[in-house]
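Notes to accompany the following structure.
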Amino acid sequence: MSILKIFVVFGFAVALALLVGLLLFDAPLEYGLDCNRFAGVCTFSQRLLIRSKTGQAKIGSLRQAEVRVVPGRRGSPRIIISVRSNGAGPDWFFADYSSQGEAEADAGKINRFLQDPSDGRLLVTRTVKGIYLLAWILIPVVAALIVAIAALLLSRRRARPDPESKRGNQVRG
């Protein structure tokens with residue numbers, strides 16, 4: 001195998017490794033909202049592949065959830081739920097959605113909870129299945145490419161003939 005092919009395969013492995021790295025560190029796999037009226041707080045969470053981000057807001061500081069469609073970075077719009085504050089604190093991002101209908105349904109659950117003081121607990125989760133699938137496909141592919149590159153590089157070193165063994169064969173023959 002030529003050096004050029006090794007560099008192409010290595011470049012492809014590096015590009016895939018960077019993509020997997022972005023998934024590991026930045027792409028949420030699951031969004032969660034856990035509101036407990038007895039504790040008086042709502043916990044907003046984002047679970048990533050190797051860590052989580054959380055924040056808390058007092059239930060009394062939250063007014064309503066609304067679905068917003070905002071321009072995306074790559075052309076397609078983002079559908080998000082934003083939980084608006086009553087001015088006592090910041091607005092809170094809850095989750096990204098692929099369907100406006102799903103977002104409207106979850107926003108309705110959040111709004112019913114915020115409007116009903118007798119409701120003690122709200123738990124809403126949103127799993128991003130595409131990220132799970134992509135991550136579990138790419139991780140083995142990157143690992144296989146790295147193993148293949150290492151095997152190629154090691155086999156090229158072993159395949160080179162030893163100059164002393166040639167001399168020995170010439171003397172005998």
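Coordinate-derived values only; no laboratory data. Just so it is clear, the model here is predicted, and its values are computed rather than measured. Cβ atoms come from the backbone with ideal geometry, glycine included; neighbour counts cover every protein chain shown.
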With each pseudo-label sitting 7 Å past Cα toward Cβ, what's the ILE6-ASP119 distance in nm, one decimal?
6.3
First measure r as the distance between the Cβ atoms of LEU153 and LYS53, then evaluate 1/(1 + (r/R0)^6) with R0 = 35 Å and state the FRET efficiency to the nearest 0.05.
0.35
How much of the calculated P(r) for segment 1-120 lies past 24 Å, in percent of all Cα pairs?
42
